[in-house]
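In what follows, a single structure is set out as C-alpha cells and then discussed.
Any read-out appearing in this document is the output of simple, stated calculations on the displayed coordinates, not a laboratory observation. Worth saying up front: this structure is predicted, and the values here are computed from it rather than measured. In this analysis, Cβ positions are derived from the backbone assuming ideal geometry, glycine residues included, and neighbour counts consider all displayed protein chains.
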Amino acid sequence: MGSMIDFKRPDGSSCKGYVAEAGKGKPGIVVIQEWWGLNDQICGVADRFARAGYNALAPDLYKGRVTQKPDEANHMMSGLDFVGASDQDIAGAVKHLAGIGGKVGVMGFCMGGALTIAACARLPGIACGVPFYGVPPGQLADPARIKVPVQGHFANKDDWCTPAVVNDFEKAMNAGGTKPEIHRYDAAHAFANERSAAYDVACAGQAWERMMAFLGKHL
C-alpha cells in the first residue's frame, strides 16, 4: 500500500522512511519502529493507519538494517543515537507529515514507545503521543516537560518496561502538570505485535480501539 521515500531532516540531510498516505489534508501519525528495525510488521501498522484515514510515516532509524535475532536487535538499539533519532529523524518525519495535512501525532512500540515519549518532551509540532510498552531514560527526556496529550499502553508482565517504570513515568508527567491517560494490560511485553509470541489478540484489539478514539479526539 505504501512506499519508501526520502524526507528531509532539520539538519538538511535526508532520512528514508515508509509512507502510507490517506490523502492530502488528512492528519498524520509518525510510526516508530521496535528494536528489530523498519520491518514488514511496522510497515503494516503504517498501512493500517492509512486505511483508518491517517497519513503515516515510519522513519528508518537503523538505515536499512533489520533483524529477527534479539542479540543483534539489542546491539543495534544500543548503538542508536537516540538524540539524533528524536531530534532529526522523527522531527523530520513530523514536518513532512505536517506538509501533507493537518495535525501530527507520534506513536511507537518498545524502543519506539520510548522514542515517542522522548519526541513529545523534546520536539515542537507534535499534537499527541501514544507510546506502547516503552519509557526513555531520564537523561534523554524528562516526562515532566511533556505538555501534549499522551495515551500510554503498558504490560503488567513486562520485565523491560516494568510496572514500576510506568508508575514513575506517570508520576513525573503528573508532576509536570500534564496528566497522561495510562492503560495497563494483563499481558507481556510486545502484546500488540501480531508476529510476537507474546501477542494477545484481546489486549491488542482493545489498545487499538482506545488509540483510535484518542487520535480522533486530538488529531
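Rounded to the nearest whole Å³, what is the per residue volume of the convex hull around the Cα atoms of segment 32-111?
On the way: hull volume 6.7 nm³, N = 80.
Roughly 84 Å³ of hull volume per residue.
Among TRP36, TRP208, which comes first, then next, by fewest other beta-carbon atoms within 10 Å? Mind dumping the intermediate values first?
Numbers: TRP36 25, TRP208 15.
So the ranking, lowest neighbour count to highest, is TRP208, TRP36.
Can you give the convex hull volume of the alpha carbon atoms of the chain per residue, in Å³?
Considering the Cα atoms of the chain, their hull volume per residue is 106 Å³.
What's the center-to-center distance, using Cα atoms, between segment 35-80 and segment 154-219 in Å?
For segment 35-80 versus segment 154-219, the Cα centre distance is 18 Å.
Roughly speaking, what is the stretch gain from ARG210 to ARG65, that is 0.36 nm per residue apart minus the C-alpha to C-alpha distance, in nm to one decimal?
Value of the extension gain: 49.0 nm.
Ranked highest first by average number of other Cβ atoms within 10 Å, how do 201-207, 89-95 line up?
89-95, 201-207
Under a point spin-label approximation (7 Å from Cα along Cα-to-Cβ), what is the ALA52-VAL83 distance to one decimal in nm?
Modelled inter-label distance: 3.3 nm.
For ASP159 paired with SER13, estimate the spin-label separation in nm (one decimal), with each label point 7 Å from Cα along the Cα-to-Cβ line.
3.7
Report relative contact order for the chain in percent, whole number only (criteria: Cα-Cα under 8 Å, sequence separation at least 6).
Over the chain, the number comes to 16 percent.
Multiply the residue gap between LYS171 and VAL201 by 0.36 nm, knock off their C-alpha separation, and tell me the result in nm, one decimal place.
Taking LYS171 through VAL201 to full extension adds about 7.9 nm, to one decimal.
Checking a compactness column here: for segment 93-219, what do you get for Rg(Cα) / (2.2 N^0.38 Å), N being the number of residues?
On the way: Rg = 13.9 Å, N = 127, 2.2 N^0.38 = 13.9 Å.
Working it through for segment 93-219, the quotient is 1.00.
Using unit Cβ charges (K, R positive; D, E negative) and no other charged atoms, how large, in debye to the nearest 20, is the dipole of the chain about its Cα centre?
740
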